[in-house]
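A quick write-up on the structure given underneath.
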Amino acid sequence: MGEYDMTYRLRCKNGEYRWFQGKGELVKDDNGNVISYQGVIQDCTADIEMQRLNQERTHALEELKASEFALQAALEEAKEASKAKSVFLSNMSHDIRTPMNAIIGFSNLAIEEGPDSPNQREYLEKIKSSGSHLIALINNILDMSKIESGKVNIEYVNGSITEVANNLKAILMANLSEKQQTFNVTINNIEHDYVRFDRLHLNQVLLNCLGNSIKFTPENGLLTLELTELPRDEKGRVVFKFVMSDTGIGMSPEFLKSVFNPFERERSSTISKIQGTGLGMSIVKSLTELMGGNISVESQINVGTTYTLILPVEEPTLEKDEEEDNEVQKSVYTIKDDGSSKDEKISKLLGLHVLLVDDNSVNRMLGRKLLGRIGITVEEAENGEEACKIIEATEPGKFNLILMDIQMPVMNGYEATDRLRSSENGYIKNIPIIAMTADAFEEDKRKCSEHGMNGHITKPILVDNLINTIYSALYMV
C-alpha cells in the first residue's frame with residue numbers, strides 16, 4: 001500500500017483545461033506492481049484560481065507598498081531640492097544685492113555731490129571693490145553650475161609640479177603685499193617633478209585655498225606651502241601632498257564640519273566683515289575629487305588653518321623635449337612677457353589704430369575711454385558684418401588690431417573672424433584679432449583660438465590685462 005496526493009491539469013471533452021486533485025492509496029502485489037487505485041479525484045480548478053488570484057493580490061500589494069515607499073522618498077527628495085533651491089535663491093539675492101547696493105548707492109552719491117566732491121575717490125574705490133566682489137561671485141556660481149552639470153573637463157598635460165608651486169608666489173604677490181604678509185614655499189623629496197596632471201584646475205584649487213588664507217589672515221601674517229612627494233599609491237601613480245597653512249583667525253569646530261558645503265560661511269562678527277561667496281571651498285572639494293584627489297582642513301580659532309591636498313598623478317606620456325614641441329598641450333593663450341615695464345609697454349602701444357567691435361554702446365564707450373588713455377586711436381563697429389565691411393574698405397595697414405566681441409547680432413565674432421581669415425588680401429587675412437568678451441571659460445578661449453584669433457580678454461576689462469594682451473599679441477609673436 002502507498003498513499004498518493006497529486007494535482008494535475010487535464011483537457012476535458014469540451015476542449016477546456018481544468019485542474020484536478022487525486023488523493024488515495026495505491027494497491028500493489030507481492031512483486032511491487034501497482035494493481036489498483038483507491039481514492040477520490042476532485043475538480044479543484046476554483047481552488048487553484050483562487051490561489052493564483054491571492055498570489056497576484058499579494059504581489060500587487062507588495063508592489064504598491066514599494067511604489068508608495070519610492071513615492072515618499074521622491075517627495076522627500078523634492079522637498080529637499082525645493083528647500084535647497086530656496087536657500088540658493090535667498091543666498092544669491094543677498095550676495096548679489098549686497099555689492100549692487102554699494103555700486104548703485106555710491107554711484108548716486110558721486111553724481112549728487114558732483115566731480116568736485118572730496119569724497120569722489122573713496123566712492124569710486126568702494127564701487128570698484130564691490131564690482132570685483134560681484135564678478136568673483138558670478139565666476140563661482142558659473143564654476144559650481146559647470147561642476148554640477150558634469151561639464152567640467154579634466155584635461156591632463158605634462159608639466160613640472162614644482163613650477164606650479166613656485167609660480168603661486170608671483171600670482172599672489174599683489175594680494176600679499178597689500179596686507180604685508182609673508183608667503184614661504186618649501187619643496188621636499190621630489191623625485192618625479194615632470195608628471196601628467198590637470199594644471200588649470202590644480203592651480204584653481206591651490207589659489208582658492210591660499211586666497212582664503214590671505215583673506216582671513218591679518219596683516220603681517222605668515223602663509224606657507226609645503227610640497228612633498230609621497231610613496232606611490234596602489235595603482236602605481238605618483239602622489240603629491242600640498243600642505244597650505246596660515247596664521248589667520250581660524251574656524252570654529254562647528255563650522256569646520258560644513259566648510260565644504262555650498263554657501264556655508266562662518267557667522268562670527270569678525271568673519272562677517274569679510275566678503276565671501278561661500279562657494280570657494282565647495283568648488284575646491286569638487287575639483288579635487290574630479291582630479292582623483294582628496295582635501296582636508298584643520299583649523300583652530302586665533303591660531304590658523306591648514307589645508308592638506310593629496311593628489312595622485314600619472315607619469316608623463318611624452319619626454320620633456322617632445323612635450324615642448326607639442327602645441328596641443330600648451331595653454332590656448334599665453335600672455336608672453338619680455339620683462340618690459342608697464343610704461344615701456346604703453347610707449348610701444350602709443351599711436352596704434354584699433355577697430356573696436358561690440359553691439360553694446362556702453363561697452364564701446366568704456367573701451368574707447370580705456371584705450372584712449374593708453375594713447376590708442378579707436379574706431380567702432382556695432383557687429384561683425386559692419387566690422388568686416390570697414391576692414392575690407394580701408395587701405396592696408398590702417399588698423400593695427402581688432403578687438404572683437406563674440407555674441408553680437410547680424411554677424412557674431414566667430415563668423416566675422418572666419419570671413420576675415422578667409423580673405424585673399426594678406427593684410428585683411430593676417431590682421432591681429434583679439435576677443436574681448438564675457439565668454440570666459442576655457443572652452444570659449446579654445447574656440448576663439450580655433451577661429452584664428454590672436455588673444456582673449458575677459459570682461460569686465462582690467463587695464464593691465466588689456467595692455468599685456470595687446471602687447472603680447474603684437475610684439476611677442
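The values are calculated or read from the model by the stated rules, or taken from the named source; none is laboratory data. Computed from a prediction, not measured in an experiment: that's the story for all the values here. Every residue, glycine as well, gets a Cβ built from its backbone with ideal geometry; the counts of neighbours run over all protein chains shown.
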- Restricting to segment 175-194, what's the tally of residues that are surrounded by 19 or more Cβ atoms within 10 Å (Cβ to Cβ) and touching a helix residue (DSSP H, G or I) at 6+ places or on another chain (Cβ under 6 Å)? 1
- Note on the structure: Output for Cβ contacts, cut-off 6 Å, separation at least six or different chains, first residue in the same structural domain as Leu401 (by TED's automatic domain parsing) in segment 362-378, second exposed (fewer than 13 other Cβ atoms within 10 Å of the Cβ) and not in a helix (DSSP H, G or I), reads Gly375/Leu350
- When Lys128 is evaluated against the numbered criteria (1) free of Cβ contacts under 8 Å to residues at least 12 places away in the same chain; (2) within 20 Å of the chain's Cα centre (by Cα), which criterion, by number, is the only one it fails? (2)
- Query: Hey, among the residues in segment 324-357 that are in a loop (DSSP other than H, G, I, E, B) and among the β-branched types (Val, Ile, Thr), which one's modelled with the lowest pLDDT?
  - Reply: Val332
- Among (1) exposed (fewer than 15 other Cβ atoms within 10 Å of the Cβ); (2) outside any helix (DSSP H, G or I); (3) not charged (D, E, K, R), where does Val362 come up short? (2)
- Task: May I ask you to list pairs of residues, at least six apart or on different chains, whose Cβ atoms are under 8 Å apart, with the first in segment 383-406 being on the phi > 0 side of the Ramachandran plot and the second being surrounded by fewer than 21 Cβ atoms within 10 Å (Cβ to Cβ)?
- Result: Gly397/Tyr427
- Query: Which of the residues spanning segment 126-165 are surrounded by fewer than 18 Cβ atoms within 10 Å (Cβ to Cβ) and modelled with pLDDT of 90 or more?
  - Reply: Ser160, Thr162, Glu163, Val164
- Message: Can you pull out every residue in segment 175-221 that is touching a residue at least 40 places away in the same chain (Cβ under 8 Å), among the charged types (D, E, K, R) and in a helix (DSSP H, G or I)?
- Response: Arg199, Lys215
- Message: So in segment 75-107, with the set limited to residues that are surrounded by 12 or more Cβ atoms within 10 Å (Cβ to Cβ) and modelled with pLDDT of 80 or more, which one is nearest to Glu122 (Cα to Cα)?
- Response: Phe106
- Go through segment 222-248 and give me each residue that's small (Gly, Ala, Ser) and either in a loop (DSSP other than H, G, I, E, B) or over 24 Å from Ala136 (Cα atoms) (or both). Gly236, Gly248
